[in-house]
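Have a look at the structure below before the remarks.
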Amino acid sequence: MVWIDHKEVVEERWRTAWNPNSYKFAVSLEAGKKVPLKIEWKPDGGTSYLGLTALSPVAETEQNKLSLYSEMGNEIDYYFIYGENADEVISGYRRLTGKSQIMPKWTMGYWQSRERYRTQEELLSTLKEFRERGFPIDNIVQDWNYWEDDQWGSHEFDQTRFFDPKGMIDSVHALNARFMISVWPKFYVNTQHYKEFDRNGWMYKQAVKDSLRDWVGPGYVGSFYDAYSEGARKLFWKQLEDKLYPLGIDAWWMDASEPNIRDCTDMEYRKQFCGPTALGPSTKYFNAYALVNAQGIYEGQRGADPDKRIFLLTRSGFAGLQRYSTATWSGDIATRWEDMKAQIAAGLNFFMSGIPYWTMDIGGFCTENRYVAAQRE
């Protein structure tokens, strides 16, 4: 919370430390007059931090103006799409970027997901409970860490917790539901899949050179593959086809597709993490990572199973994403009404960009510790 001149100008807000956001507010101040400033900060949810930046006022005549800047662009091309109505404008957009694919009908139903199901029994018992209570459910999602802790990128289930992955997914189907699985473009250096990419020069290496460790257990070193390389995309799908697709996977949850190699990283270091790409420097290309990552799975599955409709969910997007049968969700939002409210504007803006499928964590993803403690009690 923030008070200026004894008046509250920012009410209580909350985010997890690894997933911060920014909040802008305006206050009228008198030149040359000092006023008291108070910030109340209650760290919660890990290593927390806070920053407050004061910007110089902008003249009213300069407010709400638009400026575009490109650090690496050779030129800026403007596309003006004319239409008599919104439908015609969107149609023009898709002429430029590709048509939206027909998704499986079940994807428009109700999904059940949580931070993750830790065991095979936990996932199946949840689905069975929905059926016993008569609640409609079309899809259940297995989020991250279904592998052994030090095997991120292996695409293999931890046999001590998921002793029969094929049987588990068959059971999901027998209960008339579908199964979506989280697949990251991330690989630990000790996995065979990392080594396959590395032999071909298809791994981003800065995080490995710096020995950066993630948040799992003692922390493990890994990085992301270069999705801008056609060969790397084909290898990414081949690994999925070898390890996961034969189990009966119905859809793919493609997390961290920004790509998010490390949380809360300044832009210069982030650019070092994400390149160089097969097309050139990351400064110029990395915003499109989600597009080419989706392309790899879409084209791979289409080639392996051309008669089956495809569905991908990705945390980030780029123009043309719709041609790969992909929806985007807004990421890990907090379980607060202010965050849910913000999703309305975010979703509308996303749709106006010409990409038709967008969703959100309806119940939120990140929960304050005080509520977690209350649930345990």
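A compact table of results
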| item | result |
| --- | --- |
| Ranked packing of 34-40, 290-296, most packed first, by mean Cβ within 10 Å | 290-296, 34-40 |
| Backbone N under 13 Å from the Ala54 label point (7 Å along Cα→Cβ), restricted to segment 4-25 | 4-5 |
| Stretch gain in nm, segment Tyr371-Glu230, where the contour uses 0.36 nm per residue and the Cα spacing is subtracted | 46.2 nm |
| Degrees separating the helix 120-133 axis from the principal Cα axis of the chain, which is the longest one | 80 |
| Efficiency of FRET from Cβ geometry, His6 and Ser353, R₀ 56 Å, rounded to 0.05 | 0.85 |
| Reported label for calculated Cα extents along the principal axes in Å given (i) 86, 41, 36; (ii) 71, 58, 49; (iii) 71, 44, 42 | (ii) |
| Listed peptides 102-114, 61-73, 126-138 by packing density, highest first (mean Cβ within 10 Å) | 102-114, 126-138, 61-73 |
| Calculated FRET value between Ile362 and Glu62, using beta carbons and R₀ = 56 Å, to 0.05 | 0.90 |
| Simple spin-label estimate for Thr119 and Glu30 in nanometres, 7 Å along Cα-Cβ | 6.7 |
| Between segment 140-186 and segment 188-258, the alpha-carbon center distance in angstrom | 16 |
| Accessible-area order (highest first, 1.4 angstrom probe) of the listed residues Asp44, Asp150, Asp255 | Asp150, Asp44, Asp255 |
| Across Lys195/Lys271; Lys105/Lys234; Lys186/Lys308; Lys7/Lys38, pairs whose alpha-carbon gap is larger than 20 Å | Lys195/Lys271; Lys105/Lys234; Lys186/Lys308 |
| Burial ranking of peptide ranges 22-29, 273-280, 316-323 (average Cβ count within 10 Å, highest at the top) | 316-323, 273-280, 22-29 |
| Computed P(r) (all Cα pairs; segment 61-168; 10 Å bins; percent) | 11, 22, 20, 17, 21, 9, 0 |
| Residue-wise HN-Hα coupling along segment 176-183, computed from phi with Karplus coefficients 6.51, -1.76, 1.60 (Hz; x: Gly, Pro) | 6, 10, 10, 10, 10, 10, 7, 10 |
| In degrees, nearest ten, helix 86-97 long axis to first principal axis of the chain (Cα) | 60 |
| Calculated FRET efficiency for the pair Glu132/Lys195, C-beta based, R₀ 41 Å, to 0.05 | 0.35 |
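The values are calculated or read from the model by the stated rules, or taken from the named source; none is laboratory data. Nothing here was measured: the structure is a model prediction, and the numbers come from that model. Neighbour counts are summed over all protein chains in view; Cβ atoms, including those assigned to glycine, are modelled from backbone coordinates with ideal geometry. Only protein heavy atoms, including side chains, enter the accessible area calculation; ligands, DNA and RNA are left aside. Shrake-Rupley method; radii C 1.70, N 1.55, O 1.52, S 1.80 Å.
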